[in-house]
Amino acid sequence: MHSLSRRRFLAATGGTVAALGLAAPPARATGRRGPFGRHGSPAARLTPQTLYVDPLGRGDFTTVRDAVAATTGSGWTLVLAAGVYRETVLLDATRTEATWIGAPEDPRAVVIVYDNAAGTPKPGGGTYGTTGSATTTLQGDGFTARWITFANDWLRADHPDITGTQAVAVKVQGDRSAFHHCRFLGHQDTLYADSMSLAVFARQYYAHCYAEGDVDFVFGRATAVYEQCHFRTLNRSDLAAAPYGFAFAPSTAGANPRGYLVTRGRVSSEAPDASYKLARPWVPSSDTTARPSLVVRDTHLGPGIDAVAPYTNMSASFPWQNQRFAEYRNTGPGAEITVPENRPQLTDDQAASATRAAYLGDWEPWKGEC
């Protein structure tokens with residue numbers, strides 16, 4: 001979806017899916033079952049710790065933020081009716097084992113969105129910074145989301161005076177954070193897959209998800225598995241030449257044996273061929289001992305990826321060749337190996353250890369209902 005048309009979609013108010021030109025939610029979640037589909041209602045709660053959110057007032061709350069504020073401790077479920085929830089939301093570390101469900105079971109129908117950027121002025125002075133720009137911040141361990149879009153629709157073209165253009169859709173910091181059939185929309189720094197501290201190796205799992213952006217739009221220091229996910233690089237009219245951006249920018253702690261694993265996915269683009277790098281390493285000033293780790297395997301890389309030089313440096317002090325980047329059995333024009341030294345490959349033995357089970361240990365989020 002073109003970024004401007006997406007912006008018009010996200011700027012819409014209310015849950016009028018048909019009016020937005022999108023497909024209707026699956027039939028099982030509509031009709032006589034009401035706005036919450038098969039997931040109950042305030043009059044018929046699935047559990048005492050299930051709350052219902054609907055911008056049209058048919059639930060317990062009209063905003064996600066108010067629903068989160070009403071929960072304490074562990075084990076709460078929020079069921080979100082179709083709608084565009086224009087707000088910022090924080091699920092802090094004290095609220096664990098939370099589950100958020102998009103009731104229509106179509107992530108296009110449930111959107112949590114706001115438009116702060118790193119350089120956006122704060123009401124009390126200063127600017128938000130990258131972390132503060134996040135539309136949604138998820139810190140609690142054991143978080144699960146299904147069928148929800150997390151978005152940041154801040155646009156560079158609307159704010160030529162702002163140089164801090166990072167605009168995070170979601171920052172995920174909790175251990176055992178899982179996302180099934182979710183979307184992450186933004187431009188720079190869309191999906192911040194991170195942890196609460198350098199000493200915590202937060203595990204995250206993304207299955208059948210979609211993420212789009214331009215600069216470093218999947219980044220951070222989490223141990224994260226992206227399985228059967230679709231990543232899309234956006235076109236840019238503000239740049240005269242490539243590279244337009246970078247899909248991945250891990251900042252894995254040096255002590256962490258595993259960073260990002262992308263498996264059985266695809267990378268597509270609306271930009272010209274070879275205009276994007278697959279990744280660059282992020283070694284932040286707060287952790288100069290970081291050794292970014294990324295394995296991309298069994299994934300289709302479209303022509304938008306520069307096959308000759310798919311990796312580049314974020315800083316000359318930390319060349320990508322000294323980090324932990326590797327590929328295995330990728331396909332597509334962006335995966336063609338024309339300069340072997342620019343395409344580090346796993347051996348078969350190494351690939352046997354590059355699996356979701358090896359990355360996530362005793363946590364198996366792919367099991368059970370999705």
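The values are calculated or read from the model by the stated rules, or taken from the named source; none is laboratory data. Just so we're clear, the structure is a prediction, and the values are computed from it rather than from any experiment. Note: ideal-geometry Cβ built from the backbone for every residue, glycine included; neighbour counts use all protein chains shown. Each accessible area value is taken on the protein alone, full model and side chains, heavy atoms only, with ligands, DNA and RNA left out. Shrake-Rupley method; radii C 1.70, N 1.55, O 1.52, S 1.80 Å.
Tabulated values for the structure
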{"quantity": "Potential extension, Ala316-Thr338 segment - 0.36 nm per residue separation minus Cα distance", "calculated": "5.6 nm"}
{"quantity": "Packing rank of 294-306, 40-52, where each peptide gets the mean count of other beta carbons within 10 Å, highest leading", "calculated": "294-306, 40-52"}
{"quantity": "Helix-only mean residue ellipticity at 222 nm for the chain, each DSSP H run of n ≥ 4 adding -39500 (n - 2.57), per residue, nearest 500", "calculated": "-1500 deg cm²/dmol"}
{"quantity": "Selected from Ile112, Tyr205, Ala134, residue furthest toward positive end of dipole (the chain; charges at beta carbon)", "calculated": "Ile112"}
{"quantity": "Computed FRET value (nearest 0.05) for Asp92 with Ala309, which takes r as the C-beta separation and R₀ as 51 Å", "calculated": "0.75"}
{"quantity": "Linear extension gain, Asp287 paired with Leu56, 0.36 nm per residue minus alpha-carbon span", "calculated": "78.6 nm"}
{"quantity": "Segment 211-242 versus segment 70-141: alpha-carbon centroid distance in Å", "calculated": "20"}
{"quantity": "Efficiency of FRET between Lys122 and Asp348 - r from beta-carbon atoms, R0 35 angstrom, step 0.05", "calculated": "0.10"}
{"quantity": "Heavy-atom surface of the chain, accessible at 1.4 Å and reported per residue (Å²)", "calculated": "39"}
{"quantity": "Compactness of segment 227-370 - radius of gyration and Dmax, Cα, Å", "calculated": "15.4, 48"}
{"quantity": "Histogram of C-alpha separations across segment 108-169, 10 Å bin width, %", "calculated": "23, 45, 24, 8"}
{"quantity": "Share of carbon and sulfur in the accessible heavy-atom surface of segment 251-367 [1.4 Å probe, %]", "calculated": "49"}
{"quantity": "Projected area, mean over directions - segment 178-249, Cα convex hull, nm²", "calculated": "5.0"}
{"quantity": "Percent accessible area from carbon and sulfur atoms, segment 111-224, protein chains only, probe 1.4 Å", "calculated": "49"}
{"quantity": "Segment 198-288 - Rg over Rh from alpha carbon coordinates, Kirkwood radius", "calculated": "1.00"}
